[in-house]
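Okay, so here's the structure we're looking at.
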Amino acid sequence: LALVVSLSLAGLMACAPPPPAPDPVQFLSELPTLDGLRPVENVTAARVFVRPGVRMSDYDELLVDPFMISYTNPRGAPEEFVRTLDPETEERLAKVLQEAFIAKLKFSRGFKLVEEPSPKALRVQGWLFVLVVEEPPTEDPRNCPLCFAEVSVILTVRHSETAQALARVAERTQLTCSAKEHARFYTARWSDIKRGVTPWASFLRGWLEDLHAMPPLTD
């Protein structure tokens, strides 16, 4: 008997997250990232980076690139075999995340979706970074690998014409499935996954809108 369970994302998937930064916003470090961003104070679990001097209110259009996925070894086991999703699951997961994000952006207060670069457009790039797919408790082929995955979700905002990085948010998230005791295998329907990523998409839309309203950050 197949056991269908729901999928939930911890941390980033929290309902009604607080705004990404207190007022006033302050830099946490003098050292920038390799692409010139600096971390700012933030009241959520996410890490937020912004380019000094950028006025995000100068932009009111968004292009959304396809989401990317990369993998790594389980933590504490650098020599262990890197488990990956099958190509179909990987492609569908990236598409589900992108579509959920775009669906929320259609209701954005500060941005409209566009398909071409312009001086007033930002390019948004989503990346499921260093995805770890843990070994399931049993070798049952019906196990859904997404039930045993942990990933850093990164969203980078760039100028659509110059590709210069302007801001970034990153959050470590675990994909988990709940199941009844003594379950033989763990699986999740794509409809469960779509529902599970809705709060994540809302968080990212809210972060972009808060970023849009943020004054330029200076030292």
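The values are calculated or read from the model by the stated rules, or taken from the named source; none is laboratory data. Quick caveat: nothing in here was measured; it's all calculated off a predicted structure. Heads up, the Cβs are rebuilt from the backbone with ideal geometry, glycines too, and the neighbour counts pull from every protein chain shown.
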From the option list Pro136, Pro145, Pro117, single residue qualifying as farther than 26 Å from Leu31 by Cα, touching a Cys at 6+ places or on another chain (Cβ under 8 Å) and in contact (Cβ under 8 Å) with a residue 12 or more places away in the chain is Pro136
Among residues of the stretch 124-153 being farther than 14 Å from Thr84 by Cα and crowded, with 21+ Cβ neighbours inside 10 Å, the residue modelled with the highest pLDDT is Val124
On the given criteria, is Arg189 among the basic types (Lys, Arg), closer than 18 Å to Leu63 by Cα and at pLDDT 80 or above? no
Selection from the stretch 154-175 of residues at pLDDT 95 or above and of a type in the set (D, E, K, R) yields Arg158, Glu161
Is it true that some residue in the stretch 68-80 is among the hydroxyl-bearing types (Ser, Thr, Tyr) and touching a helix residue (DSSP H, G or I) at 6+ places or on another chain (Cβ under 7 Å)?
-> no
